[in-house]
1. Taking Cα pairs under 8 Å and at least six residues apart, what relative contact order does the chain come out at, in percent?
2. What are the ³J(HN,Hα) values, in whole Hz, obtained from phi via the Karplus relation 6.51 cos²θ - 1.76 cosθ + 1.60 with θ = phi - 60°, for each residue of the range 118-133 in sequence order, with x given for Gly and Pro?
3. Taking the Cβ-Cβ separation of Arg79 and His176 as r and a Förster radius of 30 Å, what is the calculated FRET efficiency to the nearest 0.05?
4. Dividing the alpha-carbon Rg of the range 16-89 by 2.2 N^0.38 Å yields what?
5. In whole percent, what relative contact order does the range 93-175 give with Cα contacts below 8 Å and a gap of six or more residues?
6. Need one word for the range 39-140: rounded, prolate or oblate. Basis is the Cα gyration tensor (sqrt eigenvalues a ≥ b ≥ c); a/c below 1.5 gives rounded, then a/b vs b/c decides.
7. Could you pull out the pairs from Lys68/Lys117; Lys54/Lys132; Lys16/Lys84; Lys16/Lys57; Lys36/Lys84; Lys42/Lys117 whose alpha carbons sit more than 23 Å apart here?
8. What residues of the range 41-64 lie in the reach of a label at Glu136, counting those whose backbone N is under 20 Å from a point 7 Å from the Cα along Cα→Cβ?
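Laboratory data are not the source of any read-out in this text; all were calculated from the coordinates shown. Keep in mind that this is a model prediction, so the values were computed, not measured. For neighbour counting, all protein chains shown are included, and Cβ atoms are generated from backbone atoms with ideal geometry for every residue, glycine included.
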Amino acid sequence: MPEVCGPGCPGKSVVKHLVIGGQEVGIAGFDSIMAKGLEHVKGSDNEQRDAILKELKVHNYVPEAVEKEYLQAIWAEFRQVRGKRLGQIEERFHGVPREEITWYPSIDYDRCSACGKCAEFCHRDVYTFDDKPHVENPFRCVVSCTGCQKVCPEEAISFPTLVALREELKALKKKHGILT
Ligand code: SF4
Ligand code: SF4
């Protein structure tokens with residue numbers, strides 16, 4: 001069966017089936033849409049959203065009344081793709097494998113009120129959120145960033161101290177022959 005492409009489709013196109021507004025919808029040009037978003041990976045979420053929406057409309061007819069639902073579904077997909085890409089970009093920190101550095105948020109669930117602000121704030125997709133936040137991708141956390149800790153209204157997020165981080169990095173650099 002030939003692959004169906006939306007208006008403006010330039011040729012071969014990857015169709016991804018997503019549930020939008022309770023219905024399964026085939027999204028044409030899925031790879032191109034993701035690629036457009038990734039072109040703006042260093043920009044703001046809004047820039048990435050705009051790029052995604054524009055490319056979505058190149059390949060698909062998006063009824064105005066449900067544009068928000070389309071964008072919501074495609075944005076959720078993009079966040080996963082973006083997370084993987086960011087993980088690939090920063091596999092090492094100052095020459096040290098990122099996965100050996102124990103810098104990432106810890107959540108005190110006794111204090112957490114499940115407001116979701118941490119997950120919403122973090123652009124690195126460190127968190128996932130269902131009925132509470134989870135530190136799903138710890139090694140995507142930017143070493144020495146404490147942004148989500150600052151937005152948490154319950155002071156439920158903690159990190160190692162900067163002194164501990166410095167010591168750890170020193171030891172790891174020695175281990176990897178980066179520092180003698
Ligand atoms: S510290 Fe920064 S990068 Fe790490 S989880 Fe929090 S907001 Fe994301
Ligand atoms: S911001 Fe704080 S209180 Fe809100 S979900 Fe995250 S950890 Fe919990």
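1. Result for the chain is 17 percent.
2. Each residue's phi maps through the Karplus curve to give 4, 5, 5, 6, 6, 7, 9, 6, 5, 9, 10, 9, 10, 8, 7, x Hz.
3. 0.40
4. Dividing the Cα Rg of the range 16-89 by 2.2 N^0.38 Å gives 1.04.
5. Here the relative contact order equals 38 percent.
6. oblate
7. Lys54/Lys132
8. Counting backbone N atoms under 20 Å from the label point, the list is 41, 45-46, 48-49.
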